[in-house]
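The values are calculated or read from the model by the stated rules, or taken from the named source; none is laboratory data. Here the structure is a predicted model, which is why all the values come from computation and not from measurement. Reconstructed Cβ throughout: ideal geometry from the backbone, glycine too, with neighbour counts over all protein chains shown.
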Amino acid sequence: MRDESQVVKFSDVAGIGDAKIELAEIVDFFRKPEKFKASGAKVPKGVMLTGPPGCGKTLLARAVAGESGATFFSLTASEFVEMFVGVGAARVRDLFSQAKKQAPSIIFIDELDAIGRPRGAGGSGNDERDQTLNQLLVELDGFGSDSGVVCIAATNRIDVLDKALVRAGRFDRKITVQPPTREGRLQILKVHVRGKPLADDVDLEDLAYEMNGFTGAIIANVVNTACLAAAREGRDDICQANFDAAVEAEQLGKILPVYRGEENERRIARVHAGCAVATAILLRDVCKVNFATITPRETNMDGCVALKDFPEVERPNAMTRAIIQRHLRSCFVPQLAEEEHYGFDDLSAAAAPYTARAREIAAMMVTAAGMSFDGSQLNYVPTVDQYEVKDFLRTEAVEMLIRSTTPDKYYQSDIEAREMMEMEHRAARRFVRRQKAAIDAVTAALVEHKTVDWDMMSGILEEHAVPEPEFEEEIGKVWVSPEDRERLVPSTREMPEGAVPATNEWIET
């Protein structure tokens with residue numbers, strides 16, 4: 001007998017409407033099979049659910065079983081494989097045999113990539129996995145559309161599956177479960193707070209806005225964390241502060257009891273104040289500063305500046321040249337804000353993450369985006385992700401990047417990137433000097449309150465910020481005059497024979 005308290009219905013699944021609609025046909029197959037027979041349509045033998053972790057793939061499969069009333073067989077792919085060859089294949093045969101006997105039934109295989117990778121890869125050590133996969137392929141071919149059995153599989157890595165497994169005739173339908181939109185997050189929140197005592201100040205729409213990028217699993221964890229916090233405080237209901245603290249803990253990690261000294265805090269506050277002011281002014285049409293903080297967290301000991309999209313824009317605007325250049329300029333402001341206050345000789349590495357990001361943006365503009373000054377559209381793309389291989393492969397990554405293009409083009413792109421950085425660095429310095437009062441005020445607020453939200457920051461900017469030039473026209477130029485190019489970085493620098501530039505140094509080949 002089924003435990004009805006554990007049965008999942010479509011009403012328990014929210015925020016992924018498109019995927020739910022597609023799976024509703026599977027439910028109709030179990031409830032009204034005559035409808036499909038009358039039209040001559042064949043029910044899919046298998047359904048492949050793909051998408052990032054935590055988006056609700058397993059929950060969807062359970063909901064299909066709950067709505068249809070079919071017998072539900074659920075297991076992970078790793079349960080098939082053992083150290084003894086042949087055990088996995090036997091388990092597959094037994095599973096499908098039981099499903100056919102208890103039809104109508106649904107077989108759900110989670111994490112299919114554990115056995116679904118291409119056969120023959122990795123040597124003889126994969127004989128057991130290969131035999132298990134072969135048996136699964138045979139079983140999927142072995143039952144027809146009238147057998148009353150549907151196989152549903154879930155994976156985060158459909159790109160690594162054997163082509164024979166994902167072809168039509170085995171998994172006929174592929175459904176991608178995406179992270180929820182803002183409206184989807186609101187629906188998920190309503191499901192998870194159902195039956196829970198909420199205080200009058202709780203704003204679910206605002207919470208859905210704050211949870212940009214959260215999956216359904218993360219939202220469920222945030223709600224549970226807020227409930228636990230309310231219980232620790234001895235409250236009978238859950239207030240907005242409990243939810244806000246849970247969201248911040250999910251985004252930034254827990255607060256750490258670290259003492260850094262007053263002078264270090266003031267320095268860090270000035271760096272983040274520069275970033276917050278630059279973002280609020282230069283990128284005001286793209287995103288909004290959610291808050292700036294210098295509180296040590298698990299994910300960042302020096303604090304951070306958190307951004308968010310405007311509520312009416314679910315997807316970010318197209319990253320045009322003008323927007324990217326404004327972003328590049330804002331990356332230089334934190335270090336220059338520190339330099340203008342402490343002097344060049346007393347600079348610290350507190351702004352290093354921002355300046356490193358500036359280099360990445362400039363390189364991307366010249367290479368992948370083809371946004372060079374002279375319109376040459378130099379847009380080679382590296383054959384390796386330099387930021388994925390980390391330090392221990394850094395040398396190999398640079399060598400592969402060099403081999404992906406000619407030394408002359410690599411040298412030209414390096415010069416172009418430096419020109420862009422120099423131009424925006426000069427503009428950022430002028431910005432810091434104009435907005436000194438605003439940066440000082442935000443710095444003082446950070447030192448006093450540790451965290452400054454948008455409401456407090458907007459009030460500070462309204463009082464202390466000065467009007468900026470029409471920067472949209474200033475940085476929206478597609479071409480730079482020859483006079484500007486000579487003023488920035490002369491491009492007549494000779495490259496030593498047999499050498500190519502890597503960042504700002506020469507590497508002899």
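Values computed for the structure shown
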read-out	value
Out of ALA65, ALA41, ALA103, ALA89, sole residue that is in a loop (DSSP other than H, G, I, E, B), modelled with pLDDT of 80 or more and not aromatic (Phe, Trp, Tyr)	ALA103
Unmet criterion (only one of (1) outside the structural domain of ARG119 (by the TED database); (2) surrounded by 18 or more Cβ atoms within 10 Å (Cβ to Cβ); (3) not in a helix (DSSP H, G or I)) for VAL271	(3)
Candidates ALA276, ALA306, ALA292, ALA280 - the one that is free of Cβ contacts under 8 Å to residues at least 60 places away in the same chain, in contact with a strand residue (DSSP E or B) (Cβ under 6 Å, 6 or more places away or on another chain), in the same structural domain as ALA437 (by the TED database) and of a type outside the set (S, T, N, Q)	ALA306
Qualifying helices (runs of 4 or more DSSP H) (wholly inside segment 137-251; at least 1 residues being in the same structural domain as PRO44 (by the TED database) and under 30 Å from VAL92 (Cα atoms))	163-166
One residue from ARG266, ARG297, ARG284 being closer than 19 Å to ARG433 by Cα and of a type in the set (D, E, K, R)	ARG266
Residues of segment 192-218 classified as under 10 Å from ALA14 (Cβ atoms) and touching a Gly at 6+ places or on another chain (Cβ under 8 Å), total	1
Given (1) small (Gly, Ala, Ser); (2) modelled with pLDDT of 85 or more; (3) surrounded by fewer than 21 Cβ atoms within 10 Å (Cβ to Cβ), index of the condition SER124 fails	(2)
Some residue of segment 433-442 being surrounded by 15 or more Cβ atoms within 10 Å (Cβ to Cβ), touching a strand residue (DSSP E or B) at 6+ places or on another chain (Cβ under 8 Å) and either at pLDDT 75 or above or in a helix (DSSP H, G or I) (or both)	yes
Pairs, first surrounded by 16 or more Cβ atoms within 10 Å (Cβ to Cβ) in segment 14-28, second among the acidic types (Asp, Glu), C-beta under 7 Å, six or more apart	VAL27/GLU67
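Results for (1) in contact with a helix residue (DSSP H, G or I) (Cβ under 9 Å, 6 or more places away or on another chain); (2) buried (at least 16 other Cβ atoms within 10 Å of the Cβ); (3) part of a helix (DSSP H, G or I); (4) modelled with pLDDT under 90, shown as yes or no for each residue.
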| residue | (1), (2), (3), (4) |
| --- | --- |
| ILE324 | yes, yes, yes, yes |
| ARG329 | yes, yes, yes, no |
| PHE332 | yes, yes, yes, no |
| ALA337 | yes, yes, yes, no |
| HIS341 | yes, yes, yes, no |
| MET365 | yes, yes, yes, yes |
| MET371 | yes, yes, no, yes |
| GLN377 | no, no, no, yes |
| THR383 | yes, no, no, yes |
